[in-house]
1. Give me a count of the residues in the stretch 86-109 that are open to solvent by 10 Å² or more (accessible area, probe 1.4 Å) and in a helix (DSSP H, G or I).
2. Might you check whether a residue that is of a type in the set (D, E, K, R), under 21 Å from residue 52 (Cβ atoms) and open to solvent by less than 50 Å² (accessible area, probe 1.4 Å) occurs anywhere in the stretch 167-175?
3. If I ask for residues that are in a loop (DSSP other than H, G, I, E, B) and either acidic (Asp, Glu) or closer than 15 Å to residue 85 by Cα (or both), which ones from the stretch 45-59 would you list?
4. So which residues in the stretch 49-98 are under 16 Å from residue 146 (Cα atoms), of a type outside the set (A, V, I, L, M) and without any contact (Cβ under 8 Å) to a residue 60 or more places away in the chain?
5. So which residues in the stretch 134-157 are more than 19 Å from residue 86 (Cβ to Cβ) and open to solvent by 70 Å² or more (accessible area, probe 1.4 Å)?
6. Among (1) surrounded by fewer than 12 Cβ atoms within 10 Å (Cβ to Cβ); (2) free of Cβ contacts under 8 Å to residues at least 12 places away in the same chain; (3) under 27 Å from residue 53 (Cα atoms), which single condition is residue 112 missing?
7. Identify the residue in the stretch 116-133 that is in a helix (DSSP H, G or I) and among the small types (Gly, Ala, Ser) and, among all such residues, is nearest to residue 84 (Cα to Cα).
8. Identify, please: which residue in the stretch 60-84 is open to solvent by less than 50 Å² (accessible area, probe 1.4 Å) and part of a loop (DSSP other than H, G, I, E, B) and is, among those, farthest from residue 46 (Cα to Cα)?
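The values are calculated or read from the model by the stated rules, or taken from the named source; none is laboratory data. In this text the structure is predicted, and so the values were computed from the model without any measurement. Counting neighbours? That spans all protein chains shown, and the Cβs are built from the backbone with ideal geometry, glycine included. With ligands, DNA and RNA removed, areas are computed over all heavy atoms of the protein, side chains included. Shrake-Rupley method; radii C 1.70, N 1.55, O 1.52, S 1.80 Å.
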Amino acid sequence: EFIADVGIKKGEKIDYAIMRDGRPIILIECKAAGTNLDTEHAVRIQSGFADLDRLTGGFARGDLVVVAARTSVGKTAYALNLVRNVAVRFNHHALVLSAEMSGAQIAQRFLAVESGVDSVRIREGRLSQIEVGRIGEAFDALSAAPIWYDDEPNIRLANILSRTAALHETDHLDL
């Protein structure tokens, strides 16, 4: 039954490959994924979250990272911290896609995370002089970081792929 479910007819010849025959393909895929074949060590992008990096070994260049969970558990905060770490701390080029938040909202959340100033205080404009200074410093750091965002609502997967590929051609995205 399982074989029929995946579209293979009973008695149909299936080509198998032994692992040692796949070595050239594996090396090509490793090189594309950022492996330095001279030193045989993978070049990985650290997330800035020590436990996550320890578990995953970091991200490979070009990884599509989808953050999914139930509502109100911190998905946006986690994703923006991840992008901030990757771009601000480690200078890797990153793209944020959001169908739920406008570019202004994304920027405001980044400013809150980078400055350590509560996002509600930023949104309402109730800021002390010290907080204004911290936001200015955060703005400078974020402006210098290679972060792009796309806030197109109701975007389709094909559009995500084509827009991401176009941006990668001009600005070499890492994540």
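1. Narrowing the stretch 86-109 to residues open to solvent by 10 Å² or more (accessible area, probe 1.4 Å): 88-93, 95-102, 104-105, 107-109.
In the following step, the residues that additionally are in a helix (DSSP H, G or I) were identified as 88-89, 104-105, 107-109.
The total comes to 7.
2. Of all residues in the stretch 167-175, those of a type in the set (D, E, K, R) come to 169, 171, 174.
From what's left, under 21 Å from residue 52 (Cβ atoms): 174.
Then drop every residue that is not open to solvent by less than 50 Å² (accessible area, probe 1.4 Å), which leaves 174.
Checked against the condition, which is being of a type in the set (D, E, K, R), under 21 Å from residue 52 (Cβ atoms) and open to solvent by less than 50 Å² (accessible area, probe 1.4 Å), the stretch 167-175 yields at least one hit.
3. Initial filter on the stretch 45-59 (in a loop (DSSP other than H, G, I, E, B)): 46-49, 57-58.
Selection gives 46, 47, 48, 49, 58.
4. Residues of the stretch 49-98 under 16 Å from residue 146 (Cα atoms): 61-62, 79-97.
Now restrict to residues that are of a type outside the set (A, V, I, L, M): 61-62, 81, 84-85, 89-93.
Residues satisfying the conditions are 81, 85, 89, 90, 91.
5. Hits for the stretch 134-157 are 134, 137, 152, 153, 154, 156, 157.
6. All conditions are met except number (1).
7. Here is the first cut: in the stretch 116-133, the ones in a helix (DSSP H, G or I) are 119-124, 129-133.
Right, trim to among the small types (Gly, Ala, Ser) and you get 119, 133.
Values: 119: 16, 133: 19 Å.
Looking at residues that are in a helix (DSSP H, G or I) and among the small types (Gly, Ala, Ser), I get 119.
8. Looking at the filtered set, the residue picked out is 74.
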